[in-house]
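Visitor: Take this structure first; my questions come after.
Values quoted throughout were computed directly from the atomic coordinates according to the rules given, and no laboratory measurement underlies them. This one's a predicted model, so the numbers in the text were calculated from it and none came from an experiment. Neighbour counts run over all protein chains shown; Cβ positions are idealised from the backbone, glycine included.
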């Protein structure tokens, strides 16, 4: 009987053993939670890094390549690279009658993110397509080609003139994105484009695209703009703003001007390039309070401080325009207003 009682007394944990077991269990749980939290944060950082790479490669670099086309073939336009004065588009026909002043290059007319005091800019460029290509919306644009004019003659016509508007738009989910709205027009009345003159790889696809386009208003009628004024396509999603400065030649130096300062000049010199700033926002909040407090950016002399824990990255790039004749004669706003 005594041996059985001694056996019963030895079953189960003692108080000290129970405390040690609970402590070890708590440490294991804390370690698991810490590892899980670290993994989630690392996953968020990896996703944010992938977003930065995508923004850089497929956003900023693609935007820069597109903007380098500004002014190509626009030798009779002043300034040749940007569209900023109503008289520049006064002779163009549009579905709204005339192209609204709201669709031209303007400073501080777009939305910007919370805590960013500087409103976003709007940049409008134009150029003559040097070859068959795609505009910023992914639409086919035709270069120089032979076409049958309305009088029945065959002639070589210039490439379509492309207008591209870069602006910040507020999306349905409340985020901001950089979008491009494109349009195009021809300078000759065309009866039929020369789809059958094209040969080689891809000619069948291009012929089909041309056939689909020539019947639409604006593609075959001179100076009639097809499209423009819509929401366009997203170039860079989830941003806090888009800002532009014009680069001009001044006393053998490059001078940087805001759109508003450029418009205030007594004469418009050629725009030789652009200075762009895009403040991109990461999709996942991963910053600590200390990191957030230290996060600030310099935007053309203005300091922008961020108040939430979502990481930002400022992309600044300089784009020189090989197609703009930077030494061209300046034109005054008065002369533009008097042009017929």
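Visitor: When a footprinting reagent is the concern and you count Cβ atoms within 10 Å, what order do 30, 84 take, fewest first? Could the numbers behind the result be given before it?
Guide: Numbers: 30 10, 84 24.
Result, fewest neighbours first: 30, 84.
Visitor: Related question: State the extension gain, in nm to one decimal, for the chain segment bounded by residue 91 and residue 172, taking 0.36 nm per residue of separation less the distance between their alpha-carbons.
Guide: 25.6 nm
Visitor: Using 0.36 nm per residue, how much length does the chain from residue 114 to residue 158 gain when fully extended, once their Cα-Cα distance is taken away? Before the final figure, lay out each step's value.
Guide: On the way: separation 44, 0.36 × 44 = 15.84 nm, distance 4.53 nm.
Contour length minus Cα-Cα distance gives 11.3 nm.
Visitor: If each residue's Cβ is checked for other Cβ atoms within 10 Å, how do 83, 20 rank with the fewest at the top?
Guide: If I rank by nearby Cβ atoms, fewest first, I get 20, 83.
Visitor: Also, I was wondering about something else. Between segment 225-269 and segment 157-177, how many Å separate their Cα centres?
Guide: A separation of 13 Å, based on Cα centres.
Visitor: Can you put 74, 154 in order, fewest other beta carbons within 10 Å first?
Guide: By the 10 Å Cβ count, ascending: 154, 74.
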